[in-house]
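Below is one structure; the comments refer to it alone.
The values are calculated or read from the model by the stated rules, or taken from the named source; none is laboratory data. Being a predicted model, the structure only gives us computed values, none of them experimental. Reconstructed Cβ throughout: ideal geometry from the backbone, glycine too, with neighbour counts over all protein chains shown.
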């Protein structure tokens, strides 16, 4: 008897608890998983309850994602959670302290997420820092040296996996050269394919064994001048799956971003047809969710296998016996006493 597979979409919700519409809709649609934003995260107890309620709607331990990078991209905020330094701040440390600090910060983030039941973190950013580019990446990047970005990205992935949280590489095959914010418009990058290969693609190639990656809503004219990577079969097949060699779960960036044209359902159809395993819709808008869900059928058998491999890796790599107090002390020493913000009572 064939096993029914979940729908190839990850969805957000509107608040701290599920509305009646959301409960019924998620039960009917059966998305692969869910994503949390700051609007959903006001206290640890309420987040735990929300994560439990989301999984109850689909009747399984579905992936629950969040963007918790540190710096300015952090959905969990004081007073209940610590803030962690930006990628640029961590990268400002000398080697090997920078790698140690990046891994420790990620392990501490994983501890925060584990206490909430969140199992996937959209982190690390492997995009390069490029002079003159839009600041949407900016201090989220670990620098402009592909080799060092890869090493620091690997340290972050190791820290998250140690804590039982799956990392998501962003934004494959590279967002650093974008001249505009893809939330607002579609960036066009005219860099040659050879130069992209030796620079932007290199950190992703070095971490191609990681379990999840998120696409960039960017047109790379030297590869496909007609569509952003998320919607381009050529970019996904030739670059992401081909040259980079990434074989994990490929999720689109948020479909509601203005870099993508056409109706929201059209965007979902095109992203899945291009080779994304799953599409991501974040804003919780009911009409948009209906349209996206209607456009996204069940995940493919190949995507189901990738998800299963990722979940197996999460369990295999998780380590027990974490001493948070000791980790914080080590992290503070590496950061010269200017580590993370004060933690309010949980």
(request) Could you check how many residues of the range 288-315 are surrounded by fewer than 15 Cβ atoms within 10 Å (Cβ to Cβ), without any contact (Cβ under 8 Å) to a residue 60 or more places away in the chain and touching a helix residue (DSSP H, G or I) at 6+ places or on another chain (Cβ under 9 Å)? (result) 1
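Do we find that residue 226 is without any contact (Cβ under 8 Å) to a residue 60 or more places away in the chain, part of a helix (DSSP H, G or I) and either farther than 18 Å from residue 144 by Cβ or touching a strand residue (DSSP E or B) at 6+ places or on another chain (Cβ under 6 Å) (or both) in this structure?
Numbers: without any contact (Cβ under 8 Å) to a residue 60 or more places away in the chain: yes; part of a helix (DSSP H, G or I): no; either farther than 18 Å from residue 144 by Cβ or touching a strand residue (DSSP E or B) at 6+ places or on another chain (Cβ under 6 Å) (or both): yes.
The answer is no for residue 226.
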(request) Kindly provide the set of residues from the range 109-125 that are touching a residue at least 60 places away in the same chain (Cβ under 8 Å) and part of a loop (DSSP other than H, G, I, E, B), ordered by number. (result) 115, 116, 117, 118, 119, 122
(request) Collect the residues in the range 23-36 that are in contact (Cβ under 8 Å) with a residue 60 or more places away in the chain and more than 19 Å from residue 252 (Cβ to Cβ), keeping them in residue-number order. (result) 25
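Of all residues in the range 142-165, which are in contact with a strand residue (DSSP E or B) (Cβ under 8 Å, 6 or more places away or on another chain) and surrounded by fewer than 24 Cβ atoms within 10 Å (Cβ to Cβ)? Don't jump to the end; show me each part of the working.
Just the residues of the range 142-165 that are in contact with a strand residue (DSSP E or B) (Cβ under 8 Å, 6 or more places away or on another chain), to begin with: 142, 153, 156-157, 160-161, 165.
Listed by number, the list holds a single entry, 161.
Listed here are the residues, each with its yes/no results for (1) surrounded by 17 or more Cβ atoms within 10 Å (Cβ to Cβ); (2) over 24 Å from residue 297 (Cβ atoms); (3) at pLDDT 95 or above.
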{"position": "220", "(1), (2), (3)": "yes, yes, yes"}
{"position": "226", "(1), (2), (3)": "no, yes, yes"}
{"position": "233", "(1), (2), (3)": "no, no, yes"}
{"position": "236", "(1), (2), (3)": "yes, no, yes"}
{"position": "243", "(1), (2), (3)": "yes, yes, yes"}
{"position": "246", "(1), (2), (3)": "yes, no, yes"}
{"position": "250", "(1), (2), (3)": "yes, no, yes"}
{"position": "253", "(1), (2), (3)": "yes, no, yes"}
{"position": "258", "(1), (2), (3)": "no, yes, no"}
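Residue-wise test of (1) modelled with pLDDT of 95 or more; (2) in a strand (DSSP E or B).
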| site | (1), (2) |
| --- | --- |
| 128 | yes, no |
| 143 | yes, no |
| 149 | yes, no |
| 155 | yes, no |
| 167 | yes, yes |
| 171 | yes, yes |
| 181 | no, no |
| 195 | yes, no |
